[in-house]
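Working notes, structure below.
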Amino acid sequence: MSEPPSPAETAWRILPQGDRCLIISFGDKIDASVGRTCLAAARKLRAAQLPGVTDVVPSFVAVAVHYRPDGLGNGPTCHSLTASIDALLAEGIAADALDGRQIDIPVCYGGQHGPDLSEVARAAGATEDEIVALHSEPRCMVFMLGFAPGHAYLGVHDPKLNIPRRPSPRTAVPVGSVAVANRQTVIYPNRLPGGWNIIGATPLTLFDPAREPASLLQPGDSVRFVPISAQEFDRLREARP
């Protein structure tokens, strides 16, 4: 078997993560173009159905390829799977062909639903209305799901939203909370601990095991946050099935 290409010959690096996972790295910073490349590479790898691969998981700058050796020397090895992935990706990664859905997420900003909005505004040197506009006017991309089922990470926002996480995390963040940090947004699909700055909440159900797919948001989706009133929030939440 021929040796796989060296990292200098490719636009990615493949490194082992334990004995049953390979990490394909495409960069070292959160960027929409890198994120789209990760999503396209993951799609290509899933379509290839490489023998022994059990899961393909995209993230901000990398793709995890989980595999299962059979223990008899017939399954994939780190070396053989690396060579197969290198050959597959060398055919080309059609990031421009990625076609995610466009989804509007209603958000009630501030007040009881967004207890950190005023603090975020002070940290950004802006008014609360300006923060809402910065967060809601442009569309943003779903980079990945992680931390909990249906927990979406979105970005990349305006530099003014480059706000650090809270120094002391909350032990329980209400379901549907929309929170920001480091030019990113997360939406809490369930009541969970978290240290992000809560600026609002959505009445939508982010994760429902009885739904197909269970997660409302998927990597590659384009999201626009739509400001709504507290009255509209209550109406939409009561109207949920």
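The values are calculated or read from the model by the stated rules, or taken from the named source; none is laboratory data. Note that the structure is predicted; figures quoted are calculated from it, not measured. Methodologically, a virtual Cβ is constructed for each residue, glycine included, from the backbone with ideal geometry; neighbour enumeration extends over all protein chains shown. Heads up: the accessible areas ignore ligands, DNA and RNA and are worked out on the full protein's heavy atoms, side chains in. Shrake-Rupley method; radii C 1.70, N 1.55, O 1.52, S 1.80 Å.
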Subject >> Search result, residues across the stretch 227-241 that are closer than 12 Å to ILE105 by Cβ and open to solvent by 40 Å² or more (accessible area, probe 1.4 Å) >> reply: PRO227, LEU236
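Residue-by-condition table, conditions (1) in contact (Cβ under 8 Å) with a residue 40 or more places away in the chain; (2) part of a strand (DSSP E or B); (3) surrounded by fewer than 20 Cβ atoms within 10 Å (Cβ to Cβ); (4) over 18 Å from the mean Cα position of the chain (by Cα):
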residue	(1), (2), (3), (4)
MET144	yes, yes, no, no
GLY150	yes, no, no, no
ARG165	no, no, yes, no
VAL186	no, yes, no, no
ASN190	yes, no, yes, no
PRO203	yes, no, no, yes
ARG211	no, no, yes, yes
Original post:
Only one of these conditions is not met by SER118: (1) free of Cβ contacts under 8 Å to residues at least 60 places away in the same chain; (2) crowded, with 16+ Cβ neighbours inside 10 Å; (3) within 21 Å of LEU161 (Cα to Cα). Which number is it?
Top reply: (2)
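Look at the stretch 13-56 and say how many of its residues are over 16 Å from THR82 (Cβ atoms) and assigned to a helix (DSSP H, G or I).
The initial filter retains those residues of the stretch 13-56 that are over 16 Å from THR82 (Cβ atoms), namely 27-40, 42-43, 46-47, 49, 54-55.
Filter once more, keeping what is assigned to a helix (DSSP H, G or I): 32-40, 42-43, 46-47.
Residues that pass the stated criteria total 13.
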Original post:
Is the stretch 19-30 home to any residue that is in contact (Cβ under 8 Å) with a residue 24 or more places away in the chain, closer than 29 Å to THR185 by Cβ, surrounded by 15 or more Cβ atoms within 10 Å (Cβ to Cβ) and polar (S, T, N, Q)?
Top reply: yes
Original post:
Taking the stretch 74-117, which residues are in contact with a Gly (Cβ under 6 Å, 6 or more places away or on another chain) and modelled with pLDDT of 95 or more?
Top reply: VAL107, CYS108, TYR109, HIS113, GLY114, LEU117
Subject >> Residue selected from the stretch 44-85 under the condition in contact with an Asp or Glu (Cβ under 9 Å, 6 or more places away or on another chain) and within 19 Å of GLY27 (Cβ to Cβ), by the criterion surrounded by the fewest Cβ atoms within 10 Å (Cβ to Cβ) >> reply: ALA64
**OP:** Taking HIS135 as the residue in question, decide whether it is within 21 Å of the chain's Cα centre (by Cα) and crowded, with 20+ Cβ neighbours inside 10 Å.
**Re:** yes
